[in-house]
Amino acid sequence: MAVLTKSIAAIELADAKTSGLANLGVPVDETTRVKKGKLPEFLQTLDTGPIARRYQNIRVTAIKTTEAGRLFSKIVIQFEAFGDDWSSVGDNTGVDYALYRGDKVLHAIHQGRIFLPYCRSWYENQYEHTIPNEVFDEITRFELIANADEMQPG
């Protein structure tokens, strides 16, 4: 049985302008702060070497803003996924995320399955998670953790 190896992509996050948040529905006011990072491509291979899953146009947006009188923080992760010639034996194990300041893990998020119903096709994925305000304040790096998975030829 072919096994998709666990792989990690690190994305640095930096302070960013509040422009371009309309498609996420973010309420922008004087309290709004944003951190962004992106990665053009990330490849996940089988234990035998070939590429079996591709992630492209990975965009991470951390937002701290006020809505309904309450200050809160969220992180939005967007990427395209492609299954090459392989598919998961069962439900795909998907991805997880880790938020860092330097080498210190501030917050871990279990995402699980990604939207990738068929191999040999591209699929848009977008996920949103609420994070503690203190984590937003300290975050400098985001890790996309592509989980190991049992695979079969498509």
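The values are calculated or read from the model by the stated rules, or taken from the named source; none is laboratory data. Small disclaimer: the values here were computed from a predicted structure and weren't measured. So basically every Cβ, Gly included, is an ideal-geometry build from the backbone, and we count neighbours across all protein chains shown. Keep in mind that these areas ignore ligands, DNA and RNA; they rest on the heavy atoms of the full protein, side chains included. Shrake-Rupley method; radii C 1.70, N 1.55, O 1.52, S 1.80 Å.
So the values come out like this:
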quantity	calculated
Total charge dipole magnitude, the stretch 83-153, about the Cα centre, Cβ charges on Lys, Arg, Asp, Glu only, Debye to nearest 20	40 debye
The chain - charge dipole about Cα centre, Lys and Arg +1 at Cβ, Asp and Glu -1, debye rounded to 20	300 debye
Nearest-10 value in Å² for the accessible area of ILE11, using the 1.4 Å probe	0 Å²
CD proxy at 222 nm, helix term only [per DSSP H run n ≥ 4: -39500 (n - 2.57); per residue of the chain; nearest 500]	-1000 deg cm²/dmol
Cβ-based charge dipole, the chain, positive-most Cα from TRP86, PRO153, PRO132	PRO132
Length-normalised contact order of the chain in % [C-alpha pairs under 8 Å, at least 6 apart]	30 percent
ILE8 versus HIS129: modelled label distance in nm, points set 7 Å from Cα along the beta carbon direction	1.4 nm
Within-12-Å neighbourhood charge of GLU138 [Cβ basis; K, R +1; D, E -1]	+3
The stretch 73-151 - Rg (one decimal) and Dmax (whole number), Cα, Å	14.2, 42
Sequence of THR130, THR61, THR18 from largest to smallest accessible area, 1.4 Å probe	THR130, THR18, THR61
Where the stretch 22-69 is the region considered: accessible area per residue in Å², 1.4 Å probe	51 Å²
Unit charges at the beta carbon, dipole of the stretch 35-140: most positive-side option, PRO40, ALA68, ASN57	ALA68
Accessible surface, per residue, of the stretch 89-132 when the full set of protein chains is kept, probe 1.4 Å, Å²	60 Å²
Those residues of the stretch 32-71 whose amide nitrogen sits under 20 Å from the label point placed on THR18, 7 Å along Cα→Cβ	32-37, 60-71
Carbon/sulfur fraction of accessible area - the stretch 52-142, other protein chains in place, 1.4 Å, %	47 percent
Correct option for percent of Cα pairs over 24 Å apart [calculated from the coordinates] among (1) 36; (2) 25; (3) 29	(1)
